[in-house]
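Below is one structure, written out as C-alpha cells, with a few remarks after it.
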Amino acid sequence: MSSLDNSQKNELIPISSIPKPESVYKKIAERVLLESQISFQKARLMEQIDFSLKENNKQLFMKLSNQYNTLINEYSNLNS
C-alpha cells in the first residue's frame, strides 16, 4: 500500500467542537426574540412619533425621533 501524504488525510473534528443542536436552537430563538422586541419598539415609537406630529409637539417629536434613530443604529447589524 502507498502511504498518504498530508493533503490526502482526513482531518478529524473533535466532537466537543461540533455545536449541539440545543445551543443552535437557543441562539436562533434568542435572535427571533430580539428581532421581535426591536420590531415592537420601532412600531411603538412610530405610533408615538405620529401622535407628536398630529399634536404639533416639536419637543416630543425630536425626543422620540432620537430614540428611534438610536434604536436603528444600535441594531443595524441584525440586518446583515
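Values in this text are rule-based calculations from the coordinates and carry no lab data. Note that the structure is predicted; figures quoted are calculated from it, not measured. Cβ: placed from backbone, ideal geometry, glycine included. Neighbour counts: every protein chain shown.
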Among the Cα-Cα pairs of segment 21-79, the proportion with separation greater than 13 Å, in percent, is 65
Could you derive backbone 3J(HN,Hα) for segment 32-45 from the dihedral phi with the Karplus parameters 6.51, -1.76 and 1.60 (θ = phi - 60°), listing whole Hz in sequence and x where the residue is Gly or Pro?
4, 5, 4, 5, 5, 4, 5, 4, 4, 4, 4, 5, 5, 5
Using a 10 Å cut-off around each Cβ, can you sort Phe61, Phe51 from fewest to most neighbouring Cβ atoms?
Phe51, Phe61
Neighbour counts of other C-beta atoms within 10 Å: give me Leu33, Leu45, Leu71 arranged from fewest to most.
Leu33, Leu71, Leu45
